[in-house]
Amino acid sequence: PGYAACPEHTEKQLIWDLLDAQARTTMELTESYAMFPGAAVSGWYFAHPDARYFAVAQIQADQVADYTARKGWDDQTAQMWLGPNING
């Protein structure tokens, strides 16, 4: 999470919790979901011969509303995390 195919950084918390990364490593996850040290990397990795890398560009209002509802966010939180990808 946090890369072009998954630009929404808060999903890193799922990986962090699943792996119990704070307790098992010397890495840290900041409140803005930056990883420390800077060389640390996380992501969703899928192995399939037809898998292709892609980037999420602009998302429409209906997509923002749906994602916001599923995350349990208010509009301000959605704007904070999704702002660069919101169309309009």
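General remarks:
- Number of positions in the stretch 1-51 that are exposed (fewer than 11 other Cβ atoms within 10 Å of the Cβ) and either among the aliphatic types (A, V, I, L, M) or in contact with a Lys or Arg (Cβ under 7 Å, 6 or more places away or on another chain) (or both): 7
- Long-range neighbours under 9 Å by Cβ, at least six apart or interchain, first residue of a type in the set (D, E, K, R) within the stretch 70-88, second outside any loop (DSSP other than H, G, I, E, B): K71/T10; K71/T77; K71/A78; K71/W81; D74/T68; D75/V64; D75/T68
- Residue within the stretch 58-65 that is at pLDDT 95 or above and acidic (D, E) present: yes
- Test: residue in the stretch 44-52 that is modelled with pLDDT under 90 and closer than 16 Å to T10 by Cβ: yes
- Checking each residue in the stretch 35-44 for being in contact (Cβ under 8 Å) with a residue 12 or more places away in the chain and among the hydrophobic types (A, V, I, L, M, F, W, C) picks out M35, A40, W44.
- Scanning the stretch 74-88 for residues that are part of a loop (DSSP other than H, G, I, E, B) and farther than 21 Å from Y3 by Cβ returns D74, G88.
The values are calculated or read from the model by the stated rules, or taken from the named source; none is laboratory data. Since we're looking at a predicted model, the values are computed, not measured. We place every Cβ from the backbone using ideal geometry, glycine too, and count neighbours over all the protein chains shown.
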